[in-house]
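The values are calculated or read from the model by the stated rules, or taken from the named source; none is laboratory data. In this text, all values refer to a predicted model and were calculated from it rather than measured experimentally. Here the Cβ positions follow ideal geometry from the backbone for every residue, glycine too, while neighbour counts run over all protein chains shown. Areas reflect the complete protein model, heavy atoms only, side chains present, ligands, DNA and RNA absent. Shrake-Rupley method; radii C 1.70, N 1.55, O 1.52, S 1.80 Å.
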Amino acid sequence: MASALDFRVTHVDGPARRGELMTAHGAVQTPAFMPVGTQGAVKAMTMRQLEDLGVEIVLANTYHLYLRPGDSRIARLGGLHRFMGWNRPILTDSGGYQVFSLAARRRVSDDGVWFRSHLDGSLHLLTPEKAVDIQAQLGSDIAMVLDECIAHPASDDEARVAMERTVRWARRGRERFQRVMESQRAPDGLLVSTPGQAQFGIVQGSIYPELREISARETVGVGFDAYAVGGLSVGEPIPLMYDIVERTAALLPANRPRYLMGTGTPGDLVECVARGIDLFDCVLPTRNARNGQLFTRQGRLNIKNAEFAEDGRPPDETCSCYTCRHFSRAYLRHLFHVGEMAGATLNTLHNLHFYLDTMRRIRDGIVFGSFETLRLEYQQTFPAEASQHG
Ligand SMILES: [Zn+2]
């Protein structure tokens with residue numbers, strides 16, 4: 001089967017790559033950041049605002065959409081793009097990460113993972129095949145294969161067992177995906193909402209280089225459209241995370257995009273592009289915005305602080321976003337303290353603008369030879385600190 005995904009690297013600077021990814025719903029300039037739309041919406045944003053910001057691809061969470069409103073309902077309504085009113089690319093995760101986060105509410109076997117819904121306690125089985133079917137019905141442009149996510153720290157043995165299971169699930173997931181995509185309508189009446197969907201494999205192996213090597217070799221051997229680095233940003237030290245990213249990216253095919261799942265801070269974006277990553281997602285810019293933390297070229301700014309009560313300056317004097325062009329720190333602080341929804345919206349607009357602007361500067365840096373200068377700037381403004389998966 002020919003790859004549904006066209007990817008072209010146009011410029012390189014060491015391991016850093018500038019490229020273009022072509023999906024069923026259009027192009028994505030890489031390296032790219034995907035805002036997280038957990039429940040079919042990026043919190044506090046309208047789709048028009050995302051379009052105006054220049055967002056080219058969003059991530060949606062399969063676990064949440066499967067439970068509510070259900071992938072079959074979304075398929076009957078014409079697929080996730082039409083349901084959300086978003087006509088640009090969408091990546092869906094497999095649902096695995098959320099299921100494994102349920103800890104006491106799930107049980108893993110070779111068949112798949114049994115879990116209880118966090119909503120009503122109902123029992124569900126997520127298998128590699130089921131993860132394919134749900135995402136086919138949602139109709140994302142990029143579907144992720146089901147993998148076993150383990151916590152940090154994990155012993156070498158625990159990590160090996162999970163990695164080997166992930167490889168077996170990758171084969172089953174790929175086989176199911178190919179069967180589903182071969183016909184418009186899969187044998188058991190499954191509705192395929194986006195015929196040109198692509199599927200990414202996921203490399204696991206925790207912090208163990210030898211496990212990462214086996215996982216990369218076996219997963220690439222299955223023959224996915226592209227590959228993700230999973231199981232990082234789960235609490236491991238940042239230098240170790242960077243080291244594993246660097247080693248793993250080097251093991252993945254150069255002509256396919258590489259996606260680092262669930263990362264990261266602005267500093268992480270720059271550092272991981274420097275190690276060969278093309279795609280990122282993270283809840284940090286949107287979640288922190290709602291908590292009153294803004295990312296600026298001077299670093300992090302907590303808008304709720306008393307020092308901003310009479311500060312008439314915008315959050316970032318060098319920023320051209322709608323928020324910074326129209327509103328003061330004092331006003332945003334006021335909105336936060338009285339709990340106005342507009343505060344969450346304006347903060348999120350700014351943070352997403354900052355993240356997208358970071359990606360634009362990264363892409364320009366790779367093309368025009370200024371990437372290393374940008375990297376030094378971000379190392380000073382955003383020194384390594386724990387990032388958060390989500
Ligand atoms: Zn701004």
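Quick check on residue 111: is it open to solvent by 10 Å² or more (accessible area, probe 1.4 Å), in a loop (DSSP other than H, G, I, E, B) and acidic (Asp, Glu)?
Against the criterion (open to solvent by 10 Å² or more (accessible area, probe 1.4 Å), in a loop (DSSP other than H, G, I, E, B) and acidic (Asp, Glu)), residue 111 qualifies.
Is at least one residue of region 119-132 more than 22 Å from residue 180 (Cα to Cα) and either buried (at least 24 other Cβ atoms within 10 Å of the Cβ) or among the hydrophobic types (A, V, I, L, M, F, W, C) (or both)?
yes
Among the residues in region 61-77, are any of a type in the set (Asp, Glu) and either surrounded by fewer than 24 Cβ atoms within 10 Å (Cβ to Cβ) or in a strand (DSSP E or B) (or both)?
No; the residues of region 61-77 include none that is of a type in the set (Asp, Glu) and either surrounded by fewer than 24 Cβ atoms within 10 Å (Cβ to Cβ) or in a strand (DSSP E or B) (or both).
Quick one: residue 256 ticks every box in (1) among the basic types (Lys, Arg); (2) surrounded by fewer than 23 Cβ atoms within 10 Å (Cβ to Cβ); (3) assigned to a helix (DSSP H, G or I) bar one, so which box is it?
(3)
Do we have any residue at all in region 134-149 that's modelled with pLDDT of 95 or more and open to solvent by 70 Å² or more (accessible area, probe 1.4 Å)?
No; the residues of region 134-149 include none that is modelled with pLDDT of 95 or more and open to solvent by 70 Å² or more (accessible area, probe 1.4 Å).
For region 93-104, indicate whether the set of residues that are more than 29 Å from residue 57 (Cβ to Cβ) and charged (D, E, K, R) is non-empty.
Within region 93-104, none of the residues are more than 29 Å from residue 57 (Cβ to Cβ) and charged (D, E, K, R).
Return yes or no: is residue 261 touching a helix residue (DSSP H, G or I) at 6+ places or on another chain (Cβ under 9 Å) and open to solvent by 10 Å² or more (accessible area, probe 1.4 Å)?
Against the criterion (touching a helix residue (DSSP H, G or I) at 6+ places or on another chain (Cβ under 9 Å) and open to solvent by 10 Å² or more (accessible area, probe 1.4 Å)), residue 261 qualifies.
I need the full set of residues from region 195-228 which are more than 21 Å from residue 244 (Cα to Cα) and in contact with an Asp or Glu (Cβ under 6 Å, 6 or more places away or on another chain), in order please.
Across region 195-228, the qualifying residues are 198, 199.
Answer yes if at least one residue in region 82-90 is open to solvent by 30 Å² or more (accessible area, probe 1.4 Å) and under 16 Å from the mean Cα position of the chain (by Cα), and no otherwise.
Looking for residues that are open to solvent by 30 Å² or more (accessible area, probe 1.4 Å) and under 16 Å from the mean Cα position of the chain (by Cα), one finds at least one in region 82-90, hence yes.
For region 13-58, which strands (runs of 3 or more DSSP E) that fit wholly inside it have 2 or more residues that are open to solvent by 10 Å² or more (accessible area, probe 1.4 Å), of a type outside the set (Gly, Ala, Ser) and closer than 19 Å to residue 141 by Cβ?
16-23
May I ask you to list pairs of residues, at least six apart or on different chains, whose Cβ atoms are under 9 Å apart, with the first in region 318-331 being over 19 Å from residue 293 (Cβ atoms) and the second being within 8 Å of the ligand (Cβ to nearest atom)?
320/353; 325/314; 325/319; 326/314
So, residue 202, is that one touching a residue at least 12 places away in the same chain (Cβ under 8 Å), of a type in the set (A, V, I, L, M) and crowded, with 23+ Cβ neighbours inside 10 Å or not?
Yes: the conditions hold for residue 202.
Give me the pairs: first residue in region 41-60 and closer than 10 Å to residue 84 by Cβ, second residue among the small types (Gly, Ala, Ser) and part of a strand (DSSP E or B), beta-carbon distance under 8 Å, and six or more apart or on different chains, which are they?
58/37; 60/37
Give 207, 214, 202 a once-over and let me know the one that is part of a loop (DSSP other than H, G, I, E, B) and either at pLDDT 95 or above or in contact with a Gly (Cβ under 6 Å, 6 or more places away or on another chain) (or both).
207 is the lone residue from the list that is part of a loop (DSSP other than H, G, I, E, B) and either at pLDDT 95 or above or in contact with a Gly (Cβ under 6 Å, 6 or more places away or on another chain) (or both).
Sort out which residues of region 298-328 are touching a strand residue (DSSP E or B) at 6+ places or on another chain (Cβ under 7 Å), closer than 19 Å to residue 358 by Cα and more than 12 Å from the ligand (Cβ to nearest atom), and write them in order of number.
If the condition is that a residue be touching a strand residue (DSSP E or B) at 6+ places or on another chain (Cβ under 7 Å), closer than 19 Å to residue 358 by Cα and more than 12 Å from the ligand (Cβ to nearest atom), then 300 is the only one that fits.
Can you tell me which residue among 189, 173 is among the small types (Gly, Ala, Ser), open to solvent by 30 Å² or more (accessible area, probe 1.4 Å) and either free of Cβ contacts under 8 Å to residues at least 12 places away in the same chain or part of a helix (DSSP H, G or I) (or both)?
None of the others qualify; the one that does is 189.
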